[in-house]
Amino acid sequence: MRKFFLLAALLIPLALFSQVGYVQEGNASFYGDEFEGRLTASGERYSHLKATCAHVSIPFGSLVKITNLENNKSAIARVNDRGPFVPDRIIDVSKSVAERLGMINKGVVKVRIEVVDNQGNSLNQIGVNTKQETPTNKESDKSVEQLNEEKNTDKNGGDVELFSVEVTKTSSHGFYIQLGSYKEQNNLFDFLYEAKKKTGKETCINVVLANNERLFKVLIGPFSNRSDAEKTRQSLLEDYPGCFIIKI
């Protein structure tokens, strides 16, 4: 299976896409229980007890204040994943954050998000109160307090990971399934490796330029027709709920 992969794009320096004070309004959703323990885009494993969230461009490690505009409840979460890849949503939050925001019953709510730190500072350093209004249990309270101590650590305890990369540029046309997309290269190879193991298919990268920013789309394919692509997509929904078909 041929792959298209712009290797040079992987060597560019990482940039900050959102600064402190950045504000955005839109819909928020939360992670389902099936995501427990899965690898996030930052390399961490998702835990519903941690106050974390996913955003398409805010840098990993940034702290974001999320306010439910329907009840005015707020919570602070740390960005450690990319998403949501749904047109009408701007952020996914962990289940414990969703509970504090009072959005469990509704599932999707209108929120305002504000970046309060993007330098890896603790909540105390930036003067944010870590007290949450509606803790559900002691473990949830503890997980919020531990935001001051959580760091991006090597999930393999410092072991070196080596990836064998075959780079082939191709212009194959057809139907592809997009598993995810990233604006940063952090743990991109991990995602490709996991995707290949789960799908049993070769993965490829489509690097596109959007608003003067590089976007890395993780695809599998091509499929000769939409019907075959849809059958494969259905089989992937458990591991990749947001995957969808594109035509190139």
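We did not get these values from a lab; they are worked out from the coordinates using the rules stated. From a predicted model like this one, the values you see are computed outputs, not experimental measurements.
Extension gain for the segment Asn212 to Phe244, taken as residue separation times 0.36 nm less the Cα-Cα distance, is 9.1 nm to one decimal.
Listed values for segment 197-208 are Karplus-derived 3J(HN,Hα) couplings in whole Hz (6.51 cos²θ - 1.76 cosθ + 1.60, θ = phi - 60°), namely 5, 6, 8, x, 10, 5, 9, 9, 10, 10, 9, 10, and x replaces Gly and Pro.
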